[in-house]
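Structure first, commentary second.
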Amino acid sequence: GDSVTQMEGPVTLSEEAFLTINCTYTATGYPSLFWYVQYPGEGLQLLLKATKADDKGSNKGFEATYRKETTSFHLEKGSVQVSDSAVYFCALSDRPFSGGYNKLIFGAGTRLAVHP
Amino acid sequence: KAGVTQTPRYLIKTRGQQVTLSCSPISGHRSVSWYQQTPGQGLQFLFEYFSETQRNKGNFPGRFSGRQFSNSRSEMNVSTLELGDSALYLCASSLGESGEKLFFGSGTQLSVL
């Protein structure tokens, strides 16, 4: 079945450091790919998405490119801030003909801690 | 625009009891889906409702059920609670198209003693 694998955390960085969180996926169809973020005590918020190969999603300085050839969707940010400390989830949603609708399959999550 | 509202925020039950959780979606959203979040299993899809019909279901036992009302509000029910049902239950709403953005509530933290 479809699955998402992301790098284990925690990831600890100093403010203004470069961030990469790796994410790879396995899917039989043509999935949409997402990064969601969860701040302490809150639900998930969509950070960015990409719906087809070579699409780049971006938001708040974060970027990720849908790479079909490597089945990857790595999250990057050039300069992290303390306020970016959260848990980041990579996810996929399969296409309608595969019956996916809004069923998201999540990775295990990567906790990011940014220190001043 | 009000966000997704889940009630109650916290719940404590004992083994064998049943529980009902509620979710009010964003106005105009017709799809409501439910997820279970635990430290061991992560985020797992329970089911999705669209216009009062269950459209998709995850791999959970029949003790987990749900429904959606005509105003799109949804409830999920867990019967015969087990210790392993302790989790954060998240509800998400959307317009209902595949691959679109989901809006999540803050969740209901269920503890089974």
inquiry  = On the basis of being more than 10 Å from the chain's Cα centre (by Cα) and modelled with pLDDT under 95, does residue B:79 make the cut?
reply    = no
message = Just checking, does the stretch B:1-19 include any residue being within 23 Å of residue A:107 (Cβ to Cβ), assigned to a loop (DSSP other than H, G, I, E, B), at pLDDT 95 or above and within 10 Å of chain A (Cβ to nearest Cβ)?
response = yes
query = Can you name the residue in the stretch A:9-31 that is of a type outside the set (Ser, Thr, Tyr) and not in a loop (DSSP other than H, G, I, E, B) and, of all such residues, is farthest from residue A:73 (Cα to Cα)?
reply = A:13
ask   = Does the stretch A:32-53 hold any residues that are exposed (fewer than 14 other Cβ atoms within 10 Å of the Cβ) and either of a type outside the set (Asp, Glu) or outside any loop (DSSP other than H, G, I, E, B) (or both), and which are they?
value = A:39, A:40, A:41, A:52, A:53
request  = Consider residue A:48 carefully, then state whether it is within 10 Å of the chain's Cα centre (by Cα) and under 21 Å from residue A:78 (Cβ atoms).
outcome  = yes
message = Could you check the stretch B:61-76 and list, in sequence order, the residues that are aromatic (Phe, Trp, Tyr) and more than 13 Å from the chain's Cα centre (by Cα)?
response = B:69
key: Condition check for residue B:50: at the interface with chain A (Cβ under 10 Å from one of its Cβ atoms), farther than 20 Å from residue A:40 by Cα, among the aromatic types (Phe, Trp, Tyr) and touching a residue at least 40 places away in the same chain (Cβ under 8 Å)   = yes
task = Would you point out the residue of the stretch B:20-43, among those that are assigned to a strand (DSSP E or B) and of a type in the set (A, V, I, L, M, F, W, C), that is nearest to the other protein chains (Cβ to nearest Cβ)?
result = B:43
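The values are calculated or read from the model by the stated rules, or taken from the named source; none is laboratory data. From a predicted model like this one, the values you see are computed outputs, not experimental measurements. Backbone-built Cβ (ideal geometry, glycine too); neighbour counts: all protein chains shown.
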